[in-house]
Structure formats: C-alpha cells, structure tokens
Amino acid sequence: MKRKEFLVFMVFFTILSLISFSQGMAGTLQDIKARGKLLAGVKTDFPPFGFVDEKGVNLGFDVDIAKVIAKELFGKEDAVELVAVTSGNRIAFLTTGKIDIILASMTITEERKKVIDYSIPYFMSGHLILVHKDSKIEKYQDLAGKKVATTQGSTGDIVTGELVPNAERIKFQHNSESLQSLKDRRVEAFVQDDVLLLDLQKRNPELKIVGWPPFRPAPYGLGVRKGDKEWLDFVDATLTKIKKTGEYQKLWDKWFGENKKILLELK
C-alpha cells in the first residue's frame with residue numbers, strides 16, 4: 001500500500017472508529033440494555049426533585065421517575081445508577097456519555113434544544129423570588145440594582161438576566177450556595193424555580209417567597225443525546241404510559257400534593 005493510500009485509509013478508519021465509539025457510548029437503548037443498568041443524572045440539592053437525606057439516600061420526584069424507567073427497561077427499579085449532576089454540568093455529563101439521561105428539573109428551552117433532545121414535558125414550573133421576611137422586594141421588577149443569587153446554568157439565572165438586566169447576578173454552582181448567600185445577607189434575593197423555593201422556605205422560616213404568580217412558566221423535560229430517537233421514543237412512551245395508568249399522578253401527589261393549589265398545571 002502506497003503512503004498516500006495508507007494515510008487515506010487511516011483517516012477513514014479513524015473517523016469510522018470515532019463514529020462507532022460515539023454510537024457505542026451510553027445513550028442508545030441497546031447499549032443500556034447490554035450494560036444492564038440505567039445511568040441517570042439527578043440533582044442532590046433540588047428538593048423535592050432530587051436530594052440526599054440524612055442517611056445518604058437519593059430521594060425525590062426525578063429519582064422516582066428514574067426508577068420507573070429502569071423498571072420499564074429491566075423489570076426492576078433498582079437497575080439504575082444515580083449520578084449527581086448540577087444545573088451547570090448536567091448537559092456536559094450527557095453529551096460526553098457519563099449518563100444516559102438527564103432527570104434534573106431541567107426546563108425545556110430553545111437554546112438547549114440545539115444541543116440535546118427533550119422528552120415530552122413531565123412537570124410545569126415557574127419562577128419565584130426568595131427573600132428575608134423584612135425585605136421590601138415584592139416583584140421581579142424590584143430586583144433592579146440589587147444583588148441577586150442565581151444558580152449557574154439554571155433558567156432562574158437566565159430569566160433574571162433577561163427581565164432585570166441591571167440586577168447584579170451573583171452566580172453559584174449549587175442551590176445550597178445560593179441559599180446560604182441569601183441567609184448570610186450577601187445578596188438580597190434568590191431567584192429559582194417555584195417548587196424548590198417553596199421547599200426551601202418551609203425549611204427556613206426566616207425567609208419568605210414573593211413574586212406571585214410565578215413568572216415565566218417553564219415546562220420540564222428529560223434530556224437525551226441529540227438524534228437518539230429510539231431511546232427518546234422509549235422515554236416518551238414510558239412517560240405516556242405512567243400518565244395513563246395513574247402512576248405519574250401518585251408520584252406527583254407524593255412529592256407536590258401539599259402545594260397542589262399554588263403550583264402551575266401541566267397541560
């Protein structure tokens with residue numbers, strides 16, 4: 001084989017290998033079944049969607065949905081490995097093959113659709129503001145010129161930047177850090193999804209929630225790698241199934257029932 005032909009062959013072989021490798025990474029339905037477990041990216045600081053209890057056990061609505069998908073795949077809900085992700089790294093974890101699916105309170109946005117594919121919506125959220133009880137902030141317009149805690153990669157950060165561009169956003173990697181900055185009065189407000197702030201306010205009675213009704217409604221979706229249609233179809237079919245059987249409603253009531261009258265409805 002001549003040198004030029006050899007080089008052409010090696011380039012072709014390298015490209016073919018890269019394609020095969022990317023297709024063989026976690027993410028396709030066949031690969032997941034061959035591995036024998038689902039790799040699910042969940043949050044650990046976003047109750048009641050994903051959090052860790054005092055015993056170190058992962059709990060939450062997203063965790064339960066991951067178990068439902070694992071059961072649909074393998075007939076047992078424990079055939080899942082829960083991988084901790086944050087708003088900032090969850091998409092990178094998916095696209096680099098560290099997880100098969102994002103179940104991490106992730107809002108469906110057009111910008112994210114350029115990078116990943118979404119399931120059908122499985123929850124409807126909105127944005128609220130958490131402040132100290134003695135705060136004079138009442139609505140998002142009052143955030144102008146104020147220091148506002150947001151979580152990197154979250155729609156709370158995006159929405160604050162769009163609606164109140166002159167607010168001074170202080171971005172943190174974790175929701176727990178955003179909360180602590182508010183409690184320490186290093187910031188005057190914390191903007192995030194309504195369901196999280198409701199849980200945080202309940203645990204921190206010195207704080208209150210303002211900004212009603214929730215602004216910028218935000219449907220949540222499960223994330224899979226771009227173009228992975230077979231896997232996406234399976235996920236959508238599973239969500240559709242549990243909505244029809246009533247299993248979805250039972251999980252919703254389990255985690256959000258006490259706030260049923262104030263949360264936005266998924267239509």
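The values are calculated or read from the model by the stated rules, or taken from the named source; none is laboratory data. What you see is a predicted model; the values in this text were computed from it and never measured. In this analysis, Cβ positions are derived from the backbone assuming ideal geometry, glycine residues included, and neighbour counts consider all displayed protein chains.
Rundown of residues vs (1) assigned by TED's automatic domain parsing to the domain that holds SER178; (2) part of a loop (DSSP other than H, G, I, E, B), yes/no style:
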residue: GLU81; (1), (2): no, no
residue: GLY88; (1), (2): no, yes
residue: ILE91; (1), (2): no, no
residue: LEU94; (1), (2): no, no
residue: ILE99; (1), (2): no, yes
residue: SER105; (1), (2): no, yes
residue: ASP117; (1), (2): no, no
residue: VAL131; (1), (2): yes, no
residue: ILE137; (1), (2): yes, yes
Which numbered condition trips up THR240, out of (1) on the phi < 0 side of the Ramachandran plot; (2) surrounded by fewer than 16 Cβ atoms within 10 Å (Cβ to Cβ); (3) assigned by TED's automatic domain parsing to the domain that holds ALA149?
(3)
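Out of contact with any Leu (no Cβ under 8 Å at 6 or more places or on another chain), surrounded by fewer than 19 Cβ atoms within 10 Å (Cβ to Cβ) and under 16 Å from PRO217 (Cα atoms) - does that describe any residue in the stretch 126-138?
Within the stretch 126-138, not a single residue is out of contact with any Leu (no Cβ under 8 Å at 6 or more places or on another chain), surrounded by fewer than 19 Cβ atoms within 10 Å (Cβ to Cβ) and under 16 Å from PRO217 (Cα atoms).
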Of the numbered conditions (1) part of a loop (DSSP other than H, G, I, E, B); (2) closer than 30 Å to THR240 by Cβ, VAL159 fails exactly one; give the number of that condition.
(1)
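Matching residues to (1) at pLDDT 95 or above; (2) in contact with a helix residue (DSSP H, G or I) (Cβ under 7 Å, 6 or more places away or on another chain); (3) surrounded by fewer than 20 Cβ atoms within 10 Å (Cβ to Cβ); (4) assigned by TED's automatic domain parsing to the domain that holds LEU82:
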{"residue": "PHE6", "(1), (2), (3), (4)": "no, no, yes, no"}
{"residue": "VAL11", "(1), (2), (3), (4)": "no, no, yes, no"}
{"residue": "ILE15", "(1), (2), (3), (4)": "no, no, yes, no"}
{"residue": "LYS33", "(1), (2), (3), (4)": "yes, yes, yes, yes"}
{"residue": "VAL57", "(1), (2), (3), (4)": "yes, no, yes, yes"}
{"residue": "PHE61", "(1), (2), (3), (4)": "yes, yes, no, yes"}
